[in-house]
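The values are calculated or read from the model by the stated rules, or taken from the named source; none is laboratory data. Owing to the predicted nature of the structure, the values given are computational and were not obtained by experimental measurement. Here the Cβ positions follow ideal geometry from the backbone for every residue, glycine too, while neighbour counts run over all protein chains shown.
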Amino acid sequence: MSELHDFFTPEFMAPMAALGVAAAVTYFWRGLGVAVSGKIDKDSALFRWVTCVAYALLAGLIARMILLPIGPLAELGMGQRAGATIISLAVFFLTRKNLLAGVASGAAALILMAKLGPL
Amino acid sequence: MPSNYPDNFGSIKGAYKQGCKDALAIPALILGFTYMGFGALVSETGLEIWHALISTGINWAVPGQIATMELYAIDASLFAIAAAVALINCRLMPMTIVLMPHIRNKTSPRIAYYFLSNFIAVTGWAAAMKQCPRLPEEQRLPYFAGFTIPLWSVCMLSTWIGFYLPDVLPAEVTMGLVFLNPVYFMLVFLADFSQPGRPIALVLGAILGPLTFLVTPDWSLLITGLFAGTIAFIFSEYFPRNKKI
């Protein structure tokens, strides 16, 4: 099997190391959550701080993914990504926070703008 | 048979089935497309199908997976990847702690919880938090497993399909699918905007994330999370939560 040989190239194994590390730290939190569940007061200050940090991280990551993306989205202009985001937000709030409508219209707007250019 | 619970799916088997039914609707639709976008992203990053499947397989939770791929794409060190993913996914610990009392029962072995905690992610967590407290105790873990394992399976399949989409679909459609990821979660967090500290954390994080990324891509998330999170925490502690929006 020549394909098996391809598994041990640096191109294959380097991402695997990254994925393994990511999975390990991710499971660390889940496993720790199970281990200490019932012992941590979810109304404690520590708990609230960690929650704030998690949300700030996610918001930072998401905003960065929209405004300064890596990969295929980077080919688009800031105006197109921001425009699609605004349309998504507008539809989301106009439909009384309908997630499906907001997400679908944002993606559709992005596809249209990518094809036709900015509105 | 306890009768003092609002919902009862009849049996353990019935709870599995109902969980599966609830998952294979809008959650599977949105996450399915999201994971097609993820598969496409992995493909665009220049990695192989196995990388995409292993990521969804053992590291299931969109933001961490995307971060892993994107950090790998910008040649971040293993330590930076570990730190960033650890900080993004640290929310999984409080989520697990909050969910556990709602899915625990007296008969399931501890290993079952350690295994099933792998399937705790925003969508399944929210569904279980809503449904499980309304069920007889022995139906709760089955409902959660019945919901999340099929949902995860859909994500695996979608990852696989999505990986081959960049070759088949116009580039614009792939862009749209990749775009689903950040937009979906942006709206998920906007939909649940009312908890103390959360709006400040989200808004400040959204501002700091891109700004710090311009200065130091490796440490951007760490700085954003600690700085914006701490400010949000201080504000939410300082101003009493006397209003419910």
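Brief remarks on what is shown
- Filter pass, residue A:102 being facing chain B (nearest Cβ under 8 Å) and closer than 16 Å to residue B:66 by Cβ: no
- The number of residues in the stretch B:14-27 being without any contact (Cβ under 8 Å) to a residue 12 or more places away in the chain and closer than 15 Å to residue B:136 by Cα comes to 0.
- Inside the stretch B:34-54, residues that are facing chain A (nearest Cβ under 8 Å) and touching a residue at least 60 places away in the same chain (Cβ under 8 Å) make up a count of 3.
- Residue count for the stretch A:46-82, restricted to those that are more than 7 Å from chain B (Cβ to nearest Cβ) and either touching a residue at least 40 places away in the same chain (Cβ under 8 Å) or aliphatic (A, V, I, L, M) (or both): 5
- Flag for residue B:143 being buried (at least 21 other Cβ atoms within 10 Å of the Cβ), of a type in the set (Phe, Trp, Tyr) and part of a helix (DSSP H, G or I): yes
Residue-wise test of (1) under 16 Å from residue B:225 (Cβ atoms); (2) outside any helix (DSSP H, G or I); (3) over 18 Å from the mean Cα position of the chain (by Cα).
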site: B:75; (1), (2), (3): no, yes, yes
site: B:81; (1), (2), (3): yes, no, no
site: B:85; (1), (2), (3): yes, no, no
site: B:88; (1), (2), (3): yes, no, no
site: B:93; (1), (2), (3): yes, no, no
site: B:98; (1), (2), (3): no, no, no
site: B:111; (1), (2), (3): no, no, yes
site: B:114; (1), (2), (3): no, no, no
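- Subset of the stretch B:82-95 (residues that are modelled with pLDDT of 85 or more and buried (at least 24 other Cβ atoms within 10 Å of the Cβ)): B:85
- Residues considered: B:61, B:28. Of these, the only one that is facing chain A (nearest Cβ under 10 Å) and closer than 22 Å to residue B:188 by Cα is B:61.
- Filtered by the rule that a residue be of a type outside the set (A, V, I, L, M), in a helix (DSSP H, G or I) and over 9 Å from residue B:187 (Cβ atoms), the stretch A:85-103 gives A:85, A:93.
- Cross-chain or 6+ apart pairs with Cβ under 7 Å, the stretch A:17-41 first and part of a helix (DSSP H, G or I), then surrounded by fewer than 17 Cβ atoms within 10 Å (Cβ to Cβ) and of a type in the set (Phe, Trp, Tyr): A:31/B:114; A:34/B:114
- Looking across the stretch A:86-99 at every residue that is under 20 Å from the mean Cα position of the chain (by Cα) and more than 7 Å from every other protein chain (Cβ to nearest Cβ), the one that is surrounded by the fewest Cβ atoms within 10 Å (Cβ to Cβ) is identified as A:86.
- Scanning the stretch B:16-67 for residues that are charged (D, E, K, R) and either modelled with pLDDT of 95 or more or assigned to a helix (DSSP H, G or I) (or both), we see that the one that is surrounded by the fewest Cβ atoms within 10 Å (Cβ to Cβ) is B:21.
- Residue list for the stretch B:189-211, filter: at pLDDT 90 or above and surrounded by fewer than 21 Cβ atoms within 10 Å (Cβ to Cβ): B:203, B:207, B:210, B:211
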